[in-house]
1. Under the definition of Cα pairs under 8 Å and six or more residues apart, what whole-number percent is the relative contact order of region 95-181?
2. Using alpha-carbon pairs under 8 Å, 6+ residues apart, how would you state the relative contact order of the chain in percent?
3. Note the angle between two axes, namely the Cα long axis of helix 261-274 and the longest principal axis of the Cα atoms of the chain, as a number of degrees from 0 to 90, rounded to the nearest 10.
4. Roughly speaking, what is the stretch gain from ARG117 to GLN103, that is 0.36 nm per residue apart minus the C-alpha to C-alpha distance, in nm to one decimal?
5. For a quick check, take a GNM of the chain with Cα springs below 10 Å and name the residue from GLY58, GLY251, GLY275 with the largest mean-square fluctuation.
6. Is the shape of region 166-289 rounded, prolate or oblate, going by the alpha carbon gyration tensor and its root eigenvalues a ≥ b ≥ c, with a/c under 1.5 for rounded and a/b larger than b/c for prolate?
7. Calculate how steeply helix 123-132 sits against the longest principal axis of the alpha-carbon atoms of the chain, using the helix alpha-carbon long axis, and give the answer as 0 to 90 degrees to the nearest 10.
8. Which loop-located GluC sites (Glu not before Pro) does region 22-87 contain, where loop means any DSSP state but H, G, I, E or B and the Cβ has at most 15 other Cβ atoms within 10 Å?
Amino acid sequence: MQIRLGLPKGSLQQSTFEILHRAGYHISVGSRSYYPSIDDPEIEPVLMRAQEIPRYVGAGALDAGLTGMDWILETEADVVQVCDLVYSKASQRPARWVVAVGQDSSIQRPEDLRGKRIATEIVNVTKKYLAAKGVEAEVEFSWGATEVKVPELVDAIVELTETGASLAANNLRILDTVLETNTKLIASRQAWADAARRGKIERLSVLLQGALLGQQKVGLKMNVERANLSAVLGLLPALRQPTVSPLTNEGWVAIETVIDERQARELIPELRRAGAEGIVEYPLNKVIP
């Protein structure tokens, strides 16, 4: 049994390979190849544009794939959405498709787009957005470099952004959010109906979600005198209760827990003041709730 797995080529490729590596897969690809090698004989990876993956998964040519919610909606592909994987090319947060206009544009709200020309890669999604607002406008497909088309060629664009920095650099102003999107693991209906292939896809889902959660967490170990135990435990958040183990010195215990990485820099000095000693912070590859 082998599953054909579509992986996004381009901006998401590097971050996707990093997530797979953290999940336990060793994957590599030549500069001109579309068929990466992976150390799992049950997976046959194929590199292609994220925009195309839902269509090929929906048609059954691929058993599963990693793509964005935006492209699932844009292609109207009939696929099984297995799980959310919230990461993008530069961060661990969803990206947004936004309506943007020139800084000096008279367009101040979505309703002002009536009768205007809009360029975007997600034509179908944009048309549905406008229809929901009762706005009729001309929506044209953009092959790229969309930001430079305002205002000389079009009145507005619908473009993907994570921070908005690129839009601001091109003298554009965000008018509204059309869609928030994130990466998803999807499967074909045929593969999902097959017990063996579904099992493989579900195992992959668990590992990928664990790898993403592991990126956000760190482990903490420390030794604490029993007299200070309550004060230290009162500071510690955890997925569950922290693990407390007795040490050979009867007056001391060892504590181990998992916390959000961003909490560590504030928490560690507080733990030290509360009496914790020998504090060790360590990275996590995967966290499986």
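1. Relative contact order here is 51 percent.
2. 20 percent
3. 20 degrees
4. Stretched out fully, the ARG117 to GLN103 stretch lengthens by 3.4 nm.
5. In this elastic network of the chain, the residue with the biggest mean-square fluctuation among GLY58, GLY251, GLY275 is GLY251.
6. Verdict is oblate for region 166-289.
7. 90 degrees
8. Answer by residue number: GLU42, GLU76.
Coordinate-derived values only; no laboratory data. The structure presented is a predicted model; accordingly, all values stated were derived computationally and were not measured. Positions of Cβ are backbone-derived with ideal geometry, glycine not excepted, and every protein chain shown enters the neighbour counts.
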